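Notes follow the structure.
The values are calculated or read from the model by the stated rules, or taken from the named source; none is laboratory data. These numbers come from a predicted model, not from an experiment. Ideal geometry is used to build each Cβ from the backbone, glycine not excepted, and the neighbour counts take in all protein chains shown. Ligands, DNA and RNA are stripped out before the accessible areas are found, and what is left, the full protein with its side chains, is counted by its heavy atoms. Shrake-Rupley method; radii C 1.70, N 1.55, O 1.52, S 1.80 Å.
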Amino acid sequence: MKIAVACDHIVTDRKNYLVNYLKEKGYEVIDCGTYDKERTHYAIYGKKAAEKVVSKEADLGIVLCGTGVGITASATKVAGTRTVLARDISTVAYARKHLNANILGFGGRITGVGLMENMVETFLDTKFEPTNEDLEVIKKLDSIAVTREDQFKNEHFFDEFLEKWDKGEYHD
């Protein structure tokens with residue numbers, strides 16, 4: 001199984017730990033970045049990981065930033081994703097079993113290593129077991145997505161944003 005993993009600069013250490021953890025468990029990992037602590041923006045990396053999943057280059061994705069909120073929100077914007085922001089095992093299991101979640105998001109600063117490992121294992125081990133009601137809900141969720149072909153795998157999508165960032169025009 002191939003897993004796309006992505007983070008922002010705030011939790012690169014946690015992402016690196018997770019990449020090694022997954023490899024030790026026998027998973028193939030696509031490390032979508034970021035790779036260091038240089039200040040960057042989570043949206044770039046959430047998009048990259050989500051695109052790997054949607055294009056079937058990866059089977060599932062895992063994204064993390066400080067709280068998980070920003071990178072999960074950005075991954076969700078890619079049509080074809082069903083991303084879960086999780087804080088506990090029950091949420092992860094439900095999202096996989098009933099909603100066929102294909103990307104797990106969590107906060108690297110607020111999730112302990114043991115819980116992170118348990119959520120990842122639950123995400124990867126839980127099988128989709130849909131009911132007719134689940135299938136209808138997924139159909140409705142997927143119908144909300146807006147597809148913009150010009151954005152998918154567009155490596156220059158964030159160029160304007162990054163230019164402003166480099167000039168100091170963006171403040172968060």
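A quick yes/no check of all residues on (1) of a type outside the set (Phe, Trp, Tyr); (2) modelled with pLDDT under 95:
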site	(1), (2)
Ile3	yes, no
Arg14	yes, no
Glu24	yes, no
Val29	yes, no
Tyr35	no, yes
Glu38	yes, yes
Tyr42	no, yes
Ala49	yes, no
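Within the stretch 102-112, one or more residues are over 18 Å from Arg14 (Cα atoms) and of a type outside the set (Val, Ile, Thr). Of the residues that make up the stretch 65-73, is at least one over 23 Å from Lys37 (Cα atoms) and buried (at least 18 other Cβ atoms within 10 Å of the Cβ)? No, the stretch 65-73 has no match at all. Looking across Gly61, Gly26, Gly114, Gly105, one residue alone is open to solvent by less than 20 Å² (accessible area, probe 1.4 Å), out of contact with any Gly (no Cβ under 8 Å at 6 or more places or on another chain) and not acidic (Asp, Glu). It is Gly61. Selection of the stretch 15-55 for residues being touching a Cys at 6+ places or on another chain (Cβ under 7 Å) and closer than 16 Å to Gly68 by Cβ yields Lys15, Thr34, Tyr42, Tyr45, Ala49. State yes or no: is Tyr42 aromatic (Phe, Trp, Tyr), closer than 19 Å to Met119 by Cβ and surrounded by fewer than 20 Cβ atoms within 10 Å (Cβ to Cβ)? The answer is no for Tyr42.
Contact map, the stretch 123-148: residues that are within 14 Å of Ile103 (Cα to Cα) paired with residues that are exposed (fewer than 13 other Cβ atoms within 10 Å of the Cβ) and among the hydrophobic types (A, V, I, L, M, F, W, C), Cβ distance under 8 Å, separation 6+ or inter-chain. Pairs shown: Leu124/Met1. Only a single criterion out of (1) over 20 Å from the mean Cα position of the chain (by Cα); (2) modelled with pLDDT under 75 is not satisfied by Val137, namely (2).
On the stretch given as the stretch 1-23, residues that are open to solvent by 20 Å² or more (accessible area, probe 1.4 Å) and either among the small types (Gly, Ala, Ser) or part of a helix (DSSP H, G or I) (or both) total 9.
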